[in-house]
Amino acid sequence: MIINLEYKNGELSWGEVKLRKIAEEFGTPLFVYSADEFLGRLKLLDRCADYRKLICFSLKSNSVIPLIREAAENGFGADVVSGGELFIAEKAGFSPKKIVFSGIGKTNEEIFQAEQKGILLLNIESESEYKFVKKLFSESGGKLNFGVSFRVKFEVELEKLHPYLGVGKKDSKFGLSEEEAFLLYEDAFKSKIYPNGLHFHLGSQIKDMEIFRKAVELAIRFLSKLKEKGIKLEWVDVGGGLGLDYENLTEPSFKDYADSFKPIADEGYKIIFEIGRAVSAPSGILITKVIRKKKTSAKNFLIVDAGMTEILRIPLYKAYHKIIPLTQGDSEQPFDVVGPICENSDYIGQNVLLPDLEEGEFLCVLYAGAYTSSMSSNYNGRTFPAEVIIKGNRFFLARRRQTLHELISRDQID
Ligand SMILES: Cc1ncc(COP(=O)(O)O)c(C=O)c1O
């Protein structure tokens, strides 16, 4: 559900703000976010998880600084996966002590940077990465300016997820098996590195809480084996992955989600959430304009000015996004809503029931705040869209549209 997104006198509004007004002022394609929805969701998880925890918003799902700053200013942390995201997190005002860093391909320079900044946890994903951390530890006289944790692949049933979305499996490139991780914990402990965290991330779009509960059981078993060796950790980073129903605009209850991890908290560990999608997707929409209508014997198309450059997750995961008009109409008929990009896979919706819109009319793609702007590209010479935030009754430009000049600014022309 998206709070306060509703038709008022036939015009789609978010709170008191008419979306047509924003679309006309800033042009399309245009991402629009509700700061209230975004922060409301983070605060809801905060209330539901009634144990010691830190919620680190996952910047890979959305990294628009004026939006994520809302999280930083309200005491939340950030989950980053590159030196670039670490840089963005700092610029947005996240305290390094509330930043966790995952990713299988962290470079030595990125790890060094994270150490310099003194982040909360570095989630190590390979033996090679561990060796570098160990070298850093000895070169700096036996101390490290960040907490060390290992990402473990707890094997739970992920069959129902898209193959690209379940990342905790044995053959996945991410993390370490329990056996591999255990040996590294032992080595780190003996070497006086004293790891203070455990990390796992099962995948994305998980709507069945049983999957999280199963992983929790395995994590508790693993933690107790570590304890038997005298290795007692402080943090358990449970990753992200809470799923959404993009068709019905619903999600599992945050309370059930938070309760899944309570058994770990009850053992005395502090929980880190790396939540992304379930916070940011419903907080954003994509407004697009109909450029052309094209009627063929097979289908009726609405060719719009947004496409896979703004919303890659549709061709990438065969993802579904609900599309509604900015202005309500009477009759409805099926249209394929397609982008202007020269790829067959460039569609936003197929057989979408819509009023018979005129060229120049606007459509709104829902649940478009996660893995959209952050995955966008300049393919086909397209410039990055503008992004606007609604906060209370006002709205403001969060990111201006990229200019044509900026599109070629890295090319050595002269
Ligand atoms: C390590 C890690 N943490 C957190 C997330 C965020 O997941 P979600 O947006 O599904 O909550 C991801 C997403 O892929 C991830 O890989």
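Determine which member of the set Arg313, Arg292 is exposed (fewer than 15 other Cβ atoms within 10 Å of the Cβ) and either within 16 Å of the ligand (Cβ to nearest atom) or not assigned by TED's automatic domain parsing to the domain that holds Leu202 (or both).
Numbers: Arg313 fails: exposed (fewer than 15 other Cβ atoms within 10 Å of the Cβ).
Only one candidate passes the filter, namely Arg292.
The sole residue among Phe101, Phe26, Phe31 that is touching a residue at least 12 places away in the same chain (Cβ under 8 Å), within 16 Å of the ligand (Cβ to nearest atom) and crowded, with 18+ Cβ neighbours inside 10 Å is Phe101. Taking Leu218, is it open to solvent by less than 10 Å² (accessible area, probe 1.4 Å) and either within 12 Å of the ligand (Cβ to nearest atom) or closer than 16 Å to Glu178 by Cβ (or both)? Considered against the rule, which asks whether it is open to solvent by less than 10 Å² (accessible area, probe 1.4 Å) and either within 12 Å of the ligand (Cβ to nearest atom) or closer than 16 Å to Glu178 by Cβ (or both), Leu218 comes out as no. A single entry from Asp237, Asp245, Asp266 fulfils the requirement of being surrounded by fewer than 16 Cβ atoms within 10 Å (Cβ to Cβ) and within 16 Å of the ligand (Cβ to nearest atom): Asp245. Taking the stated definitions as given, is Ile22 over 30 Å from Glu110 (Cβ atoms), at pLDDT 95 or above and either assigned to a helix (DSSP H, G or I) or more than 15 Å from the chain's Cα centre (by Cα) (or both)? Judged against the criteria, Ile22 is a match.
Of the residues making up the range 328-380, those that are within 16 Å of the ligand (Cβ to nearest atom) and more than 15 Å from Thr288 (Cα to Cα) number 4. Can you confirm whether the range 39-62 contains a residue that is open to solvent by 10 Å² or more (accessible area, probe 1.4 Å), assigned to a loop (DSSP other than H, G, I, E, B) and of a type in the set (S, T, N, Q)? Taking every residue of the range 39-62 in turn, none turns out to be open to solvent by 10 Å² or more (accessible area, probe 1.4 Å), assigned to a loop (DSSP other than H, G, I, E, B) and of a type in the set (S, T, N, Q). With respect to the conditions (1) without any contact (Cβ under 8 Å) to a residue 60 or more places away in the chain; (2) of a type in the set (Gly, Ala, Ser); (3) within 16 Å of the ligand (Cβ to nearest atom), Ser128 lacks only one, and its number is (3). Of the candidates Ser283, Ser253, the single residue that is open to solvent by less than 10 Å² (accessible area, probe 1.4 Å) and among the polar types (S, T, N, Q) is Ser283.
Considering only residues in the range 184-211 that are surrounded by 23 or more Cβ atoms within 10 Å (Cβ to Cβ) and among the aromatic types (Phe, Trp, Tyr), the one that is farthest from the ligand (Cβ to nearest atom) turns out to be Tyr185. Quick check on Asp50: is it touching a residue at least 24 places away in the same chain (Cβ under 8 Å), out of contact with any helix residue (DSSP H, G or I) (no Cβ under 7 Å at 6 or more places or on another chain), away from the ligand (no atom under 16 Å from the Cβ) and closer than 24 Å to Gly197 by Cβ? It is true that Asp50 is touching a residue at least 24 places away in the same chain (Cβ under 8 Å), out of contact with any helix residue (DSSP H, G or I) (no Cβ under 7 Å at 6 or more places or on another chain), away from the ligand (no atom under 16 Å from the Cβ) and closer than 24 Å to Gly197 by Cβ.
For every residue, the table says whether it meets (1) at pLDDT below 95; (2) part of a strand (DSSP E or B).
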residue	(1), (2)
Ile311	no, no
His321	no, no
Asp330	yes, no
Cys342	no, no
Asn351	no, yes
Asp356	yes, no
Tyr367	no, no
Tyr371	no, no
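The values are calculated or read from the model by the stated rules, or taken from the named source; none is laboratory data. Everything numeric here is computed off the predicted structure, so don't read it as measured data. A quick note on method: Cβ atoms are made from the backbone with ideal geometry, for glycine too, and the neighbour counts reach across all protein chains shown. With ligands, DNA and RNA removed, areas are computed over all heavy atoms of the protein, side chains included. Shrake-Rupley method; radii C 1.70, N 1.55, O 1.52, S 1.80 Å.
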